[in-house]
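Heads up, the thing below is written out as structure tokens.
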There are 2 protein chains.
Amino acid sequence: MKIIHSVNQMQRFSNEQKKKGKSIGFVPTMGYLHDGHLSLVRKCRKENDVCVLSVFVNPTQFGPNEDFQKYPRDKKHDEVFAKREKIDIIFYPTEKEMYPSGYLTCVTIGPIANLLCGKSRPEHFQGVATIVAKLINCVSPKVMYLGQKDAQQALIIKQMVRDLKYSTRIKTLPIIREKDGLALSSRNKYLKADERMQATCLYRSLKEARNLIRAGERGPSKIAKAMQKIILSNPSAKIDYIECVNANNLVPLKRLQGNILIVLAVFVGKTRLIDNITVNV
Amino acid sequence: MKIIHSVNQMQRFSNEQKKKGKSIGFVPTMGYLHDGHLSLVRKCRKENDVCVLSVFVNPTQFGPNEDFQKYPRDKKHDEVFAKREKIDIIFYPTEKEMYPSGYLTCVTIGPIANLLCGKSRPEHFQGVATIVAKLINCVSPKVMYLGQKDAQQALIIKQMVRDLKYSTRIKTLPIIREKDGLALSSRNKYLKADERMQATCLYRSLKEARNLIRAGERGPSKIAKAMQKIILSNPSAKIDYIECVNANNLVPLKRLQGNILIVLAVFVGKTRLIDNITVNV
């Protein structure tokens, strides 16, 4: 396993691989790797000649009052993880090179960046799209692997890649959960013991929603109410949003039909957690 | 010479060339090729194994009342030109593929896109940056060749390429002029005979500015006044802007020093022409 910090070196490596006809698979992360990342990495390893994992806590996707400073970092753990999984390259770009003084360019993605998480995190997806464009330009992957936990992010990156004519293919893999249903996230680390127990309410509410839809319920407000009830029975939980949207374009549904994405963001204590589930009717 | 319309085919061609270790040079144009393009194409031919020329009149860089519809097009002439110059590929992307219905992604470049031409053409440089990002993703050139006539455009594209970590290098080549000094531009075609004669006032005013600076003048407003006098002695000329700016960042200069770019946009009749000159003091 090789560790690369510089953009130049990363691009040289990718060019050499391409000349050899090797396919490059890419898993972009903010580090603090867990079993959610593991499923991406294993798929990437299986499907490509060369695997690149990037670790970069991207400052531009955090709002001014968010957790950029305290976002969990553990380089040693991440390197052990990557080595064990036979990753070829860990790419650690530097903030100085990704955002040198005087940078001016942003990648913006119209209305879908302003829905759901974009409402409470107004610059978030612009930050995501911009860093992912840069990372693709460094790594030139044939395939990039993303987690479905960040459903909106995955959709926005797919849109960007399609719109800007990148040749990279995007694969989105299912959410990995703890035994009690909590979706894996580096931010779970923030939860205190009692918050950790309460945090299972996100997935419980999603399962309840799915059951109701399968039982014939088609009204999104009824679904949201049932979910609220489950979530708000936890004293530390505060709902940011609950929505039933079209899974292809995130447009809120008036009547539940087709490929439905039920998405939510909930604060448990001070920790903002997201989760989602899809239902086809 | 091969003609390519589809993004997929263009990318496959570029990948094959890269596998063979060939360097790709790229000249992006809106067609209606003239001797300004010729200097780019010849440099590109000289410096690269493979030359790609794109022809695409990009709708998103035209304002609603601008000349997108009537912008001059001559496919046959362009193909004869490209063949004569031993271009390997003419890439004609289709509007349908570059801007399919439902596209949402834009590349925006902060304040320098709002200065000079950006003041009178507010969406122009966002359109330019976005299409150039797409074209780079299709062609993956090692070097891209741009004309200094569009000085602000060249600076903005350089900024974008640097910011988004494209590995493409940008080379900007000098303005090519008619014998009487008029900078070559596809839009010169719009000029009526008497306007064509008056249009020489742009370069005459720039030369006068350079002479004044070389003679010791350091006040930008004195320079602008001298230029205005030359330009406004032509009945069909109307000034959009005249500015003396820092050639590296387009910031207006209060005192003329360093690497100065004198830029102007002038309507001659209904035709908007731009030109510029650099002076080092």
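The values are calculated or read from the model by the stated rules, or taken from the named source; none is laboratory data. All values derive from a computational prediction rather than experimental measurement. Heads up, the Cβs are rebuilt from the backbone with ideal geometry, glycines too, and the neighbour counts pull from every protein chain shown. Only protein heavy atoms, including side chains, enter the accessible area calculation; ligands, DNA and RNA are left aside. Shrake-Rupley method; radii C 1.70, N 1.55, O 1.52, S 1.80 Å.
Once the Cβ-Cβ distance of A:Glu47 and B:Lys192 is raised to the sixth power relative to R0 = 45 Å, the FRET efficiency obtained is 0.15. Were the residues from B:Ser23 through B:Glu217 laid out at 0.36 nm apart, the gain over their Cα-Cα distance would be 65.3 nm. Is the C-alpha gyration tensor of the range B:154-273 telling us rounded, prolate or oblate? Criteria: a/c under 1.5 is rounded; beyond that, a/b larger than b/c is prolate, otherwise oblate. Taking the square roots of the gyration eigenvalues as a ≥ b ≥ c, the range B:154-273 is oblate. Solvent-accessible surface, computed for protein heavy atoms with a probe of 1.4 Å, shrinks by 40 Å² or more for the following residues of the range A:137-153 when the other protein chains are added to the isolated chain: A:Asn137.
Placing +1 on each Lys and Arg Cβ and -1 on each Asp and Glu Cβ, with no other charges, gives the range B:55-153 a dipole about its Cα centre of roughly 180 debye.
Out of the range A:31-95, which trypsin sites (Lys or Arg not before Pro) are coil in DSSP terms and have no more than 16 other C-beta atoms within 10 Å? The qualifying sites are A:Lys70, A:Arg73, A:Lys86. The residues of the range A:154-170 occluded by other protein chains by 20 Å² or more of accessible area, set against the chain on its own, are A:Gln159, A:Asp163, A:Leu164, A:Lys165, A:Tyr166, A:Ser167; surface from heavy atoms, 1.4 Å probe.
Here the calculated FRET efficiency for A:Gln228 and A:Ser120, from their Cβ-Cβ distance with R0 = 25 Å, stands at 0.90, rounded to the nearest 0.05.
By definition, a body whose alpha carbon gyration tensor gives a ≥ b ≥ c is oblate when a/c is 1.5 or more and a/b is not larger than b/c, and the range A:1-107 fits this oblate description. Accessible surface buried by the A/B pair amounts to about 2500 Å², both sides summed, 1.4 Å probe.
For the range A:203-281, take N as its residue count and report Rg(C-alpha) divided by 2.2 N^0.38 Å. Compared with the compact-globule rule of thumb, the range A:203-281 sits at 1.04. If you build a Gaussian network model of chain A, linking Cα atoms that sit under 10 Å apart, which residue out of A:Val161, A:Val50, A:Val80 swings the most? Taking springs between Cα atoms under 10 Å, the residue moving most is A:Val80. Our estimate of slack between B:Gln9 and B:Ser101, defined as 0.36 nm per intervening residue step minus the Cα-Cα distance, is 31.0 nm.
Of A:Pro28, A:Thr168, A:Thr105, whose Cα points farthest to the positive end of the dipole of the range A:2-173 (charges on the beta-carbon: +1 Lys, Arg; -1 Asp, Glu; origin at the Cα centre)? Farthest along the dipole direction, towards plus: A:Thr168.
For the range B:2-173, the solvent-accessible area of protein heavy atoms averages 42 Å² per residue (probe radius 1.4 Å; ligands and nucleic acids excluded). Remark: C-alpha extents of chain B on the principal axes read 56, 40, 39 Å, sorted largest to smallest. Taken over the Cα atoms of the protein assembly as shown, the convex hull encloses 167 Å³ per residue. Classified by the C-alpha gyration tensor, the range A:67-184 has a rounded form. Its axis ratio a/c, with a ≥ b ≥ c, is below 1.5.
For chain A, hydrophobic long helices are taken as DSSP H runs at least 20 Å long by C-alpha position along their axis with mean Kyte-Doolittle hydropathy of -0.5 or more; these are A:124-139.
Lysine pair count for the range B:155-259 with Cα-Cα distance under 17 Å and sequence separation of 8 or more or different chains is 11.
About its Cα centre, the protein assembly as shown has a charge dipole of approximately 860 debye under the convention of +1 per Lys or Arg Cβ and -1 per Asp or Glu Cβ, with nothing else charged. Using a probe radius of 1.4 angstrom, the carbon and sulfur fraction of the accessible surface of the protein assembly as shown is 50%. Gain on full extension, evaluated as 0.36 nm per residue between B:Lys70 and B:Asn249 minus their Cα-Cα distance, stands at 61.2 nm.
Rounded to the nearest 20, the size of the Cβ-charge dipole of the range A:186-280 about its Cα centre is 60 debye, with Lys and Arg at +1 and Asp and Glu at -1. Solvent-accessible surface of the range A:208-256, averaged per residue with a 1.4 angstrom probe and all protein chains in place: 58 square angstrom.
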